[in-house]
Structures are given as C-alpha cells and as structure tokens.
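To start, the structure itself, in structure tokens.
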Amino acid sequence: MKFQEITEKEYQEYWQTHPLKTFLSAIEIGKLRKKSNWQVSYVGVKKGHKLVGAAMLLSHKRHWNRYEFYSPRGYLIDFKNKELLDFFTKELKKYIQEKKGYILRIDPYVIYKERDIDGNIVEGGEDNSDVVENLMNLGFKRVKTSEMEQVGWMFSLGLEGKTEKEILKEMKPNTRNTIHKAEKFGIMMKELSYEELDRFQNIMEETGQRKGFSVRKLTYFQDMYRLFHDKGEIKYYITELNLKEYISRLNEEKKEKEMKIENLSDAKYNEGQKKNLENELASIEKRIKEAEEIKKDAKKDIITLSGSMFMLIQPEIIYLSSGNYEEYMKFNSQYLIQWEMIKYGLKNDFKKHNFYGIPENINTHPKDYGIYEFKRGFGGYVEELIGEYELPLSWHYYVLKFLHHMKEGKKK
C-alpha cells in the first residue's frame, strides 16, 4: 500500500461511488471553506494503481504558526479494515506533522449502534464498537457530543422498496391527518431561485431570534446554491398560502356543513351526528375569522409560511435547515414539505429521507425533544454516529486544551 497526495479529480471520482459519501465530504465543501481561509488538500492510499481510501483535508492556521487539520465526515475507507485504518492514520499523522499540524479532527459518517424508532439499540443489529476501539487505540480522543461540529444523532426514514401508501400507513395518525389538512388548505410549495434566497434567510432570521440560535448569513446560502444547484444537489423551498382562496374553500365547507345540519331530522338518533357537525361548523367559522384577520394584517392575499433547505446527494435526501414564521405555525406547512420531499425521494430512487439532527439520548426527554417527536411522526429510525475524534499531533494540542479549559472554567 502507498500513501500519497491525490488530485481533486481522483478524489471526486472515488467519492462519487463510495458508500460513506455525503455532502460534507464533497469537494464543494472544500471550496466553501477556502472562502474562510482554509486550505484544501486530498490524500489517499493506493494498492497498485487503485485507490482503496481517501480523505479531503482542510487546514487552518491557529496559534504559534501551527495548523488545525479537519477531515469532514472522516476518511472514505472501510473502517472495518483494521490494517487499512492503521496504515492510513499513521501515514496521515506523519504527513500532517510535516505540515506543522498539531491536531487532526474527524467525524466519520459511520453508524455506532443500530437503533429503532424509539432510540433503543436493535439486538443483533449493526454495531461498530470495534471501529471506535480501533480509533482510540490509534490515539484518537472522543469529543463530547455538545462540542461536536457536525450532527451526531439523526432520524431517518428508509425509502427503498416502499410505496407512498405504505409510508403513509406507517406514519403516526396525527402526522398523516396534519398532512391531509395542509393539502386541503391549499398550501403551495415554491422552489426558490438564487435571486430569491433572501426570502429563506428572512424566515431563518425570524426563527433564530425566536428560538435563540445563530443563523448563517445570506452569503452562505448563496454559496451553497452556486456550488450544488447545477447538479441538482440542493433545493430551497418556501410554503405559501393564498388567503383569498383559502377563505373561499372554508366558506364552501361551511355551506356543506350547514346544509347537512339542515337536512337532519329532529329524531333523537340524529342528536350525536348533529352535535359533531355543529362543532365542525364552529371550528370552520373560527378559521375563517382568523384567516380574515391575517389577511387584514398582512395587507396581501398570499402569505409566506415557512422555508426549508435540502441536500439531495444519493443515496439520501438530507433535511438540512428550516424555519417558520411564528404567527403562521398553525398551518403546519412543514409537514407538507416533508411529505412532498419524501414523495420526491421515492420517485427519484433515493434510499433514505434523512430528517437529520435530533438531540442525544432521546429516551431521557432532553430539551429539544419536540424536534425528535415531529420527525418520529413520519416513521423511521434513530441513527447514532460514532462521533467526532481528535488526534493530538504535538505538545501544542495539550497546551491549547489546557488554556481552553481554563477559559471555560472562568466563564462558569
């Protein structure tokens, strides 16, 4: 085996067919990082003329003229192949040290232990504990989940071999009913062009302020669009509602209910049905009133409800970012977006719809449990990745860790 630098083209061709590929290990992410003063290089291991492992390396100058190295989503290798993992890591260590690197960070796109929809470990399922052990034996140190750069826990829905009907049937009844209601409301999905990305940014800003998280600048979303859109690997959507049409639909529904009530006789056996219809009528009248008030406040017929960003790189669709305008959350348009993208995945032979990040250890009902609960409603399973790891490469690593802990201690 031979370790060497490889070209971007060699890496791209290898990445394209590798089972661990994801958008974070794509060359486009390297190009994006260059805008933030990261350097990009590609390395690989060859057996003869054939690549058997590769990695994209990002490096950034930190303290004392030393470099931090990061390989987004880790090496593209068979992590079960201990000989290859050992060889790659040891050669990579020497390569980075020669370039004044003090640390290598990796966060492999490898499942740790297979889990079910409730987050419970599946007996006899996939288990990569040996990969974790091998990494630790090579000197890697595991990073706390709270300090990881990328998502460590995800929720996914398998699409392979399934039909729309089967997926709908496996959903929670409340999720299925909410989707049908959103369709009935006449909510529309609109894919945004590059020039319209500020509409998505505005939704994210409003959501970030409300929920207390920082939002990327518009330039990030524009850069991602430029890098991935022409290959069909990214889509930005917003949902809209035409209030005039919505109110018209509600008025038609109202007339139908009134007619049904009118046609019921006063017989005692009709009392239950009549009461149900009257409750439904009251609910419709309430929605009409709310819609008229929204229309009056908005001073326009069409309102924007929510926005979502998706990465579409085989074999999965990743639900990467989303936001909602708080006053319109009652329309539950995010349910419709997910359903439409699930259908898109089925039609275009994607194997998985990845709802992406959820909190760690959901069985303890953590702070953001509602995120998991929303995603769980569509059916699927929890995915726990093996996590992020740091490989110390010089004494600078330990000094910087000590200073970091001192700083954190002062904050506390």
**OP:** Only one of these is surrounded by 15 or more Cβ atoms within 10 Å (Cβ to Cβ) and either of a type in the set (Lys, Arg) or more than 24 Å from Pro315 (Cβ to Cβ) (or both): Leu92, Leu85. Name it.
**Re:** Leu92
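This table checks each residue for (1) buried (at least 18 other Cβ atoms within 10 Å of the Cβ); (2) among the basic types (Lys, Arg); (3) under 30 Å from Ile288 (Cα atoms).
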residue: Glu360; (1), (2), (3): no, no, no
residue: Lys375; (1), (2), (3): yes, yes, yes
residue: Gly380; (1), (2), (3): yes, no, no
residue: Leu385; (1), (2), (3): yes, no, no
residue: Tyr398; (1), (2), (3): no, no, no
Original post:
Of the residues Lys343, Lys352, which is touching a residue at least 60 places away in the same chain (Cβ under 8 Å), touching a strand residue (DSSP E or B) at 6+ places or on another chain (Cβ under 6 Å) and closer than 21 Å to Met171 by Cα?
Top reply: Lys352
Original post:
Taking helices (runs of 4 or more DSSP H) that fall entirely within the stretch 323-412, which contain at least 2 residues that are closer than 30 Å to Lys100 by Cα?
Top reply: 395-411
Original post:
Can we say Ile284 is within 21 Å of Tyr328 (Cα to Cα) and in contact with a helix residue (DSSP H, G or I) (Cβ under 7 Å, 6 or more places away or on another chain)?
Top reply: yes
Original post:
Could we say that Leu84 is farther than 22 Å from Gly139 by Cα and either within 28 Å of the chain's Cα centre (by Cα) or not small (Gly, Ala, Ser) (or both) here?
Top reply: no
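Matching residues to (1) under 29 Å from the mean Cα position of the chain (by Cα); (2) within 25 Å of Asp223 (Cα to Cα); (3) modelled with pLDDT of 95 or more:
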| site | (1), (2), (3) |
| --- | --- |
| Glu8 | yes, yes, yes |
| Glu28 | yes, yes, yes |
| Leu51 | no, no, yes |
| His63 | no, no, no |
| Phe69 | yes, yes, yes |
| Asp78 | yes, no, yes |
| Ile96 | no, no, yes |
| Lys100 | no, no, yes |
Original post:
Got a number for residues in the stretch 20-74 being part of a loop (DSSP other than H, G, I, E, B) and of a type in the set (Gly, Ala, Ser)?
Top reply: 4
**OP:** Look through Tyr236, Tyr225 and report the one residue that is surrounded by 14 or more Cβ atoms within 10 Å (Cβ to Cβ), assigned by TED's automatic domain parsing to the domain that holds Asn332 and part of a helix (DSSP H, G or I).
**Re:** Tyr225
Original post:
When the stretch 1-40 is examined, which residues are found to be of a type in the set (Ser, Thr, Tyr) and surrounded by fewer than 18 Cβ atoms within 10 Å (Cβ to Cβ)?
Top reply: Thr7, Thr17, Ser36
Subject >> Matching residues, the stretch 231-259, being touching a Leu at 6+ places or on another chain (Cβ under 8 Å) and either at pLDDT below 90 or within 30 Å of Gln314 (Cβ to Cβ) (or both) >> reply: Gly232, Glu233, Ile234, Lys235, Tyr236, Tyr237, Ile238, Thr239, Glu240
**OP:** Scan (1) closer than 20 Å to Ile179 by Cβ; (2) of a type in the set (Asp, Glu); (3) at pLDDT 95 or above for the single condition Glu316 breaks and write down its number.
**Re:** (1)
Subject >> Candidate set from the stretch 190-210 (those that are over 13 Å from Ile238 (Cβ atoms) and among the acidic types (Asp, Glu)); member that is surrounded by the most Cβ atoms within 10 Å (Cβ to Cβ) >> reply: Glu205
Original post:
Within the stretch 299-309, can one find any residue that is assigned to a helix (DSSP H, G or I), farther than 30 Å from Lys351 by Cα and without any contact (Cβ under 8 Å) to a residue 24 or more places away in the chain?
Top reply: no
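The values are calculated or read from the model by the stated rules, or taken from the named source; none is laboratory data. These numbers were taken from a predicted model, which means no experiment stands behind them. Quick reminder, even Gly has a Cβ in these numbers, built from the backbone with ideal geometry, and neighbours come from all protein chains shown.
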